[in-house]
Amino acid sequence: MLKQIYEEIKKYNTIVIARHIGVDPDALGSQFALKEAINLNFPDKLVYAVGSKSSRYNYFPKLDRYEMTDNQNVLLIVVDTPDKKRVDINRLDTFPNVCKIDHHPLIDNFGGIEYIDTKASSASELVLRFFKENNVEINKNIAEFLYYGIASDTNRFLFNTDYNTFQIVSDLIKEYDIDVEELYSHLYARPFSEVRFQGYISENLTLTENGFAYVIISNDTLLKYGVDASSAGNMVNNFNNIDEVVAWATISEDVKNGLFKFNIRSRGPVVNNIAERYNGGGHALASGARVKTMEEVQLLINELDNICRVYNEKEGD
Ligand code: AMP
């Protein structure tokens, strides 16, 4: 299938590469690796990496603009995104051929060739696999994009990591002489306000008797700490491996978009099928959701708490 995607790339002069909203380093890493590699191997093609920017990730290149007008013969490749509603692009349905490379469980079919491996550590790992299978030439810059993606989506090799992940990363580091420490200094740089804010979250997590921990962060709190609605999501992984916590969520008020953002993580119970019913989704143990009212916030908290209870009962058997 990766060979077929390569054949599609060969056919088109214009290629647009998109990824999910709420961008992260794996989405950007896989997107820019693909863009730069197509540029390197097919210098005559026009390649656009599109989507909204985030100043947090300014160690990646600038994103491009691409305005789709009807009947343009372009190939759209979507990376790291399973569902149409989360593709960060205008007029998705007007693209005649949409391929997908993703490591999330399938939600929507985009119409073209779809390469999905939910066992892969990251979309960046799959893009690397795409390069290898098709003998696509890459360079240090591209290897670094891939490293950002793999390292961040595995939370620095804490999860979704096995022998193969270390093997491919080790090969990348060796072959392209990657300065890992320098890349981490970009990936993990954060403002002092976020460190204070992390302290707030630690202090204010509510832990239920079933082992579900959550914190509701109001807009006033975000203003007080000088952070934005996506900040809690950037640190939700830091609350892993707490003895008493089975699953946990940060719930941030997003006044700009009139909603509450859930960042959900789990050490056992599957949470993405619940998140999907609350305008969300994701991986079995790492999901997000968006709800509009406090009533829905409470309903989702109750469901997550309940899934922890069920999980504990099964584990106790
Ligand atoms: P996050 O908590 O933002 O790091 O997201 C964890 C996982 O859930 C990622 O795979 C996201 O792509 C996915 N995800 C987050 N929010 C949503 C949403 N509203 N709808 C679908 N998937 C989401």
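The values are calculated or read from the model by the stated rules, or taken from the named source; none is laboratory data. Bear in mind that the values here come from a model prediction, so they are computed numbers and not experimental data. When we count neighbours, we look across all protein chains shown, and the Cβ atoms used for this are built from the backbone with ideal geometry, even at glycine. Heads up: the accessible areas ignore ligands, DNA and RNA and are worked out on the full protein's heavy atoms, side chains in. Shrake-Rupley method; radii C 1.70, N 1.55, O 1.52, S 1.80 Å.
Values as computed for the structure displayed
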{"item": "Cα principal axis extents for the stretch 2-187, largest first, Å", "result": "45, 31, 31"}
{"item": "Extension reserve of the residue 58-residue 13 stretch, reckoned as 0.36 nm per residue once the Cα distance is removed", "result": "13.4 nm"}
{"item": "20 °C / 1.002 mPa s Stokes-Einstein diffusion coefficient of the chain, Kirkwood radius on C-alpha pairs, µm²/s", "result": "105 µm²/s"}
{"item": "Cut-off of 10 Å, at most 10 other beta carbons, DSSP loop: longest stretch of the chain lacking such GluC sites (Glu not before Pro)", "result": "245-317"}
{"item": "Neighbourhood net charge (12 Å Cβ-Cβ; Lys/Arg +1, Asp/Glu -1) for residue 304", "result": "+1"}
{"item": "Antiparallel bridges, percent of DSSP beta bridges restricted to the chain (to nearest 5)", "result": "45 percent"}
{"item": "Qualifying aspartates and glutamates (Cα of each under 17 Å from Cα of residue 314; at least 8 residues distant if same chain)", "result": "209, 244, 303, 305"}
{"item": "Peptide ranges 58-64, 98-104 listed from the most packed, as the mean C-beta count within 10 angstrom indicates", "result": "98-104, 58-64"}
{"item": "Sites residue 207 and residue 161 - FRET efficiency at Förster radius 35 Å, r taken between beta-carbons, to 0.05", "result": "0.80"}
{"item": "Cα-centre dipole for the chain with unit charges at Cβ (Lys and Arg positive, Asp and Glu negative), debye to 20", "result": "660 debye"}
{"item": "Accessible area per residue, Å², the stretch 196-316 with all protein chains present, probe 1.4 Å", "result": "49 Å²"}
{"item": "Protein accessible area in the stretch 2-187, 1.4 Å probe - carbon and sulfur %", "result": "45 percent"}
{"item": "Local net charge near residue 249, Cβ-Cβ under 12 Å (Lys/Arg +1, Asp/Glu -1)", "result": "0"}
{"item": "Formal net charge of residues neighbouring residue 268 (Cβ-Cβ distance under 10 Å; K, R +1; D, E -1)", "result": "+1"}
{"item": "Solvent-accessible area per residue, Å², over the stretch 85-173 with all protein chains present [probe radius 1.4 Å]", "result": "44 Å²"}
{"item": "Rounded to the nearest 20 debye, dipole of the stretch 14-121 from Cβ charges on Lys, Arg, Asp, Glu", "result": "260 debye"}
{"item": "Descending semi-axes in Å of the stretch 196-316, equivalent ellipsoid built from Cα gyration tensor", "result": "22, 16, 12"}
{"item": "Dipole magnitude of the stretch 2-187, debye to nearest 20 (Cβ charges: Lys/Arg +1, Asp/Glu -1, about Cα centre)", "result": "380 debye"}
